[in-house]
Each structure stands twice: as C-alpha cells, then as structure tokens.
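Note sheet for the following structure.
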C-alpha cells in the first residue's frame, strides 16, 4: 500500500459519504429507498450504540464495528464515516483557501481537561439521567439537524423556483412545495451549533472534534492502542515542519517525531505534505521504509458548503390557510399529553432513545413531525412530535418507523401501524360548526380513515360528529381538517403508552347491484 | 391578473397585449357547443368503465361535440384518497384514460388531469392508479398540492361563497370535463358532480365553516362550467364515504351517467345511491338558483343497458 494513495482515497471516499448523507437529509420527495438509508446509518456510532443497548441485537452493532475499526486503524471513522467530520473538512478547506497566507496549523497542546471532562459528563449524564446531553453532542444528530433545518429549506427554495419556471411551460417534473417553518425558538440551538462548529473548523481545523465531540474523544482513547498509525522515518526527516502545518488536528510534534494518535483523524494530509516522504501510515512498531512517489498538488475542490446557507423557514405539508368561520370557537382543547410518532411504543421509550437527528422529520411525506420545544419538557428538546395543526399522519405509511437509526422508533408493518393507537380523538361539541352555525360540515368524519369519527342525526337534515375512541388510531386527520379557530372542535390527545386500536367493524352493505335505472 | 397567462403572453406580445388578453376574451373560448347535444343525459349500465363511456359519448354525438381541434382540456376526476381503485374512493382510472383518449381523438392539443387531494398527493395520485392511466393516454398530470397553483377568482351572485382560489389549470383550459365518482358522503349524504368542485379550489375549509351546502351550490355559479359531466358509478361506495374503510363499503353498480346538466347528474346519481335528492340540500338549492334542472322527467334522457 502506498501511503500517498491514502489521502486521495480518503478524499474520494469521504466525499461520497458526505454527499450520500446530505441527499438523505434533504430527500423531500422520498426518492431514496429506506433500505439504503439504513445501510448508510448502520455504522453511525451514537445512533448504533443507542440502538444496540436498547435491542441488544448484533444487527444493531454498527458501533462495535467502529470500535474494532478504531482499534485497528485509529480514528478513521472521524475522517471517513462521520458526516459532521467530513463536513468540517470541507469547511476547513474553504478556510484554508481564504486565509492561505496566514493559516498554519502547527502543533498545539491537547485540551485534555476539557475533552475528558466533557466525555465523562456525557457518559455519566447518559447513564444516570438519560440521552439528553448525547442528543446535543452526537455528531450524526448535529449533522442531521443541519441538513433538515438549514440545507433542506434551501433545496426547497431552489425546487420551487424550478417548479415555477417549468410549470409555466406545462412541465411538472418539479412541483411547488409550500414553505412554512418551525418556531424560531427551535432554530436557536442548531444555529448556535452551526456557528460554533463552522467557525471552529474554518479557523482551527478539527478542534471541535478534538475538544468537544464525545465520540472523537472516546475513539481517541481507543486509538491510543490502535495497530495502524502515522509514523516518522526519523532518518529521512529534515524537521522542516510542513507536516505539522498541514495537520488540521494540530497533533504532529515534528521536533520530537511524535504524533498524538488520540487526536489524529487519519486524514493523511501530512504524508502528502512531506517532501522527504518521511511519514507513512503503517503497523505500529514496524520500521518505516516505504518509498513514496511525489504527490501532486491538492486538486480536490469541495462542493458548495451548503451547511453555511440557510433560510429559517420551510415545510412541505398540506398546510391550508386558516379558514374564517363566522365566530370563533370558545372551548380550549384539553391536551394532557403530546403525540409521539408510531413505532415509539411509549413516550418514555421515545424520550430515552431519540437523539433528535431529525431523520424522521425529513422522511415524513406529510411533514407532520416538528422538533418539540416544550411538549416533552426541556429534556426532550428537539425530539420530534406530531403537530396536527400543521398536517396529519398518513394512514398508508410507516416511513418514520423504518428510518430511525436509534430504535427510538421501531419498524412497524403497515397492518400493525394501522392498528397502533398513538392518541385518542376527543370531540368538543360546543366548538363544532354544526352546532354553532347550524350548517353542515363533517370535515373530520370525511378525513377519518377508520370511521372512529362518524356522523349521527342532529337537527333537521343536519348530522353531527360522534366518536369511537376504540377504533381511533390518533392520526390527527380529523383535527387537521377541522375548520374552527382558534380552538379545534375535534383533537387528538396523545397516548403516553401506545395502545392497540380495535379493528373497525365490517358489515356487508344492504344496497345491492341494480338491474334497472332507478330514474 | 393570472400568473401563467401573464407570463406567456408577455413573453410573446408584450405586457400591454398580455394584460388585455388575460382580462377578457375568456368568454369566447368557453362558448359551449354542448347545447346541440342529442340528449340531456345518457345513462349506461352493465359494461366496463371504458366501454360504457364509448357508448355513452357516441350517443351524445361524440367527443367532438365538446372538444374542438387545438383546445386544451381539463379532465377533473375525483382523486381524493390514498386507496386502490377497487375501493371506489376515486374515479375509475380506466374511465379517466378512455376520456383522455377521446379528447385527443377529437383533436385536443393538450389534456390535463389534476385534483386537490385530501390525503398525501404523491401517494394518492399513484395509488389511485389515475396518474399512470392518465400519463399512458398522453395527458399531463398536474400537481395541486400547493397554494401557489391557485388563483383568486370571483363568484358574482354567490350567497356564501363570493370568492375562491381555483387551480390555474382550470383557468388555462378551454374545456373542463368533470369526472366525479359517485359515493356516499358522511356529511352531505352524497358526492358526485357539484361536490367534485371542492377539488378545484384551495380553501375548502372555508366551505366547511360557512354553510357547506350553500357554498357547493354557489361555486356552481362560477363561469368556468364543465362542458360534460361523467359520473362514474362502476364501483360505488354506499357507506363510510367519502373515504371508505373496506371493500364491504362498495357495491358494483357497473353504471355511468353522462350529462351536460350537473344538477340533473346529481339527482340521477342520488337515485342510484337510493337517497332522496331533496335531502341533499345543495341539490334543491342549486336547482332554485337556476344552475340546472332537478326534474329528470322534463329532460331528454337516453338509457342504455349493455
């Protein structure tokens, strides 16, 4: 293996990985099959670990593969598989172009106290209190939020622009998608992390990964005993220091011929930068004698750093402009519990296992999921919650349960999902159009896929809704369709523990096939 | 001013010409040739959705009665729900396909198909089978999922519904063919011709909260009326409508009603469903407003059994 080849390989490989992750998190048309998404997510360290400790199956042991990989090769995960790490490399590259004259990495001392303190606190807090701190710091989830919060809206704007242009010429390859945002509070945390990470990587390379990221620190510990690592051929080295200047982890002490393996992310930039070919990547302990060909200049120009772009608002739901009934509804909905997505089993399970990567938010074809603010309490911040004013859970769909990388949502078969009661319908007669306006409506019953909401005779020709909670699955279509404001006349109250709904009763019709025209 | 119209004409002829054309001139395009059709209504029973249409349209004098050479046609089925064709919640795809084929045979330049779905539109277009059927016949399937596609229009004389936002493709088309499916409806008792219009507009929540029956009748005042209504009564959802729960909700009636009078079409459809048309409030309201004739006895109806 020639060491100079390694850097090229790393760049090509990681570019493909980054593009794949980006596509997955902006795939607003659900074009990518779930199967491939799951392949991509399998070796993601934190999601896989959460899933493994929940399910205890080998099928969820992607993080163990990463542990083995690290013991073998060092922190290659950080350069090859971590989307946030690769994204930072792109950003760092841009930083290098801008500040060519005066950016030199050089060797810096590790932030030992900060990083091990953060790692201990994260592990401790996760074991004692739950997943909350991990949610904030997991690099995969941070990346997912960037994609969902910042990149996807940009893509939607571009899509809508194209849809408008093409639509005028009767070409409907693109379709317009209404853009509606999450509440601004929701953006504060991802924006803070976006600023922190992009500024750190722009100026300081992999500082975030080597100071804050708990995965980076943990894998750094493991790589202290890794078999393969960057080595100096001391007799060839002229102590020119080029390797140290090229090291975005600032971990090469060229004067003492020492590489801090706990911070080295195996990007192989140093190998390429060395004019004497005195650096190589190989088995620890073996002599570095490899002859390397001269490396060409850097060619890789990163694609646009879409992460830096962002607009604050977007959506793809079937959101309708609020209609204007004559008078406002008066009775407030009595919500006792938020509605968490199907496949969660219970809100408790969901809160314990969700790292708020936002994959389900992106994947939901109806855009009914939003990151929570207060619904689950402060510890459930950003974990997805159903918003039935925005949209509803489509009956024939299980996508969110399939894409979840942490098993916060477990896969449901469609038939099982159709009987999974995530909440129960409640009817407020005093808000209902039929009672307040004495006119027909029935939007709720029309929308109900199980007829848990049905109409019974009221005054004159009118019919009014009645509900049967037993067969309700809590999809929220009734609540979404109800036209009353500000309070809905029908709403879904979440089930803290999901229940099994009864099957709707099926009766043969009394009407038969006609043999004559009845008119 | 209409966005599409503005764009096209201003590219070609400049702003002034474009403005003038899009403000007026529609009436001529919409001159209805239907007045000379042989019958007010043709009812067919006993065939397949497509073969019944072949016979029905022939009895009416052929598609050429409604579609002229070079015209743009909007075929508007009911594509409301994300279910398979056998459950009868959406217009039969075979019927939609055959209508499109007849339009092209009559010389239509372009045929469009769309509906403002209730369920997720991508899945609904797909699982209803209509997207595939329409495309295979050469029609353009147009999305209706975003308010961006809808343009404000006025409904002079509307009692409750005085304005609405309708899909731009309705404004662009020269001919509008209404292709509802007959279904039970939990609230209005029945959905067929007039109620199918709810898929043309964006803000139907307004209808629900402002006297639904009156709004349904009011909308029928709007100038872009269908040249032809084809009511699909092949698989008829007789209960749990308009969405349905299971195949037990569906009765195979193997029928079809073709008519130029959508009020009469709704009356005939109600009778198929075994509902008294007087009990479906929007029918007598529309009759009184002069939007059609609910007295089938006074109409010239051809009944065909295959």
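Here are some notes:
- Some residue of segment A:125-136 being under 17 Å from the mean Cα position of the chain (by Cα), touching a residue at least 12 places away in the same chain (Cβ under 8 Å), outside the structural domain of residue A:377 (by TED's automatic domain parsing) and outside any helix (DSSP H, G or I): yes
- Among the residues of segment A:229-245, not a single one is closer than 30 Å to residue A:117 by Cβ and assigned to a loop (DSSP other than H, G, I, E, B).
- Residue list for segment B:264-294, restricted to those being part of a loop (DSSP other than H, G, I, E, B) and either facing another protein chain (nearest Cβ under 9 Å) or out of contact with any helix residue (DSSP H, G or I) (no Cβ under 8 Å at 6 or more places or on another chain) (or both): B:274, B:275, B:280, B:281, B:290
- Considering only residues in segment B:140-182 that are free of Cβ contacts under 8 Å to residues at least 12 places away in the same chain and assigned to a strand (DSSP E or B), the one that is nearest to the other protein chains (Cβ to nearest Cβ) turns out to be B:163.
- When segment A:439-448 is limited to residues that are buried (at least 24 other Cβ atoms within 10 Å of the Cβ) and outside any helix (DSSP H, G or I), the one that is farthest from the other protein chains (Cβ to nearest Cβ) turns out to be A:448.
- Of all the numbered requirements in (1) in contact (Cβ under 8 Å) with a residue 24 or more places away in the chain; (2) surrounded by fewer than 22 Cβ atoms within 10 Å (Cβ to Cβ), residue B:53 misses one, and that requirement is (2).
- All positions within segment B:84-107 that are buried (at least 24 other Cβ atoms within 10 Å of the Cβ) and assigned to a loop (DSSP other than H, G, I, E, B): B:88, B:89, B:90, B:91, B:92
- Number of residues in segment A:463-481 that are within 9 Å of another protein chain (Cβ to nearest Cβ) and either assigned to a loop (DSSP other than H, G, I, E, B) or under 13 Å from residue A:492 (Cβ atoms) (or both) equals 2.
- Test: residue in segment B:244-252 that is closer than 26 Å to residue B:73 by Cα and more than 8 Å from chain A (Cβ to nearest Cβ): no
- Segment A:500-519 - residue that is surrounded by fewer than 18 Cβ atoms within 10 Å (Cβ to Cβ) and more than 7 Å from every other protein chain (Cβ to nearest Cβ) and, of those, nearest to residue B:274 (Cα to Cα): A:510
- Taking segment B:117-137 as the range and being in contact with a strand residue (DSSP E or B) (Cβ under 7 Å, 6 or more places away or on another chain) and either part of a strand (DSSP E or B) or within 14 Å of another protein chain (Cβ to nearest Cβ) (or both) as the test, the residues that pass are B:125, B:131, B:134, B:135.
Table: residues versus (1) buried (at least 20 other Cβ atoms within 10 Å of the Cβ); (2) within 14 Å of chain B (Cβ to nearest Cβ).
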residue	(1), (2)
A:376	yes, no
A:394	yes, yes
A:398	yes, yes
A:403	yes, no
A:425	yes, no
A:433	yes, yes
A:437	no, yes
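Rundown of residues vs (1) farther than 30 Å from residue A:368 by Cβ; (2) without any contact (Cβ under 8 Å) to a residue 40 or more places away in the chain; (3) surrounded by fewer than 19 Cβ atoms within 10 Å (Cβ to Cβ), yes/no style:
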position: A:149; (1), (2), (3): no, no, no
position: A:160; (1), (2), (3): no, yes, no
position: A:176; (1), (2), (3): no, yes, no
position: A:185; (1), (2), (3): no, no, yes
position: A:190; (1), (2), (3): no, no, no
position: A:204; (1), (2), (3): yes, no, no
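- Some residue of segment B:249-257 being outside any strand (DSSP E or B), touching a residue at least 12 places away in the same chain (Cβ under 8 Å) and either outside the structural domain of residue B:159 (by TED's automatic domain parsing) or surrounded by fewer than 24 Cβ atoms within 10 Å (Cβ to Cβ) (or both): no
- From the list B:217, B:192, the one residue that fits, being in contact (Cβ under 8 Å) with a residue 60 or more places away in the chain, away from chain A (no Cβ under 11 Å) and more than 23 Å from residue B:88 (Cβ to Cβ), is B:217.
- Matching residues, segment A:246-259, being in a loop (DSSP other than H, G, I, E, B) and in contact with a strand residue (DSSP E or B) (Cβ under 7 Å, 6 or more places away or on another chain): A:251, A:257
- Given (1) buried (at least 24 other Cβ atoms within 10 Å of the Cβ); (2) closer than 18 Å to residue B:173 by Cβ, index of the condition residue B:64 fails: (1)
The values are calculated or read from the model by the stated rules, or taken from the named source; none is laboratory data. On a predicted model such as this, the values are computed, not experimentally measured, just so you know. Here the Cβ is made from the backbone with ideal geometry for all residues, glycine too, and neighbour counts use every protein chain on show.
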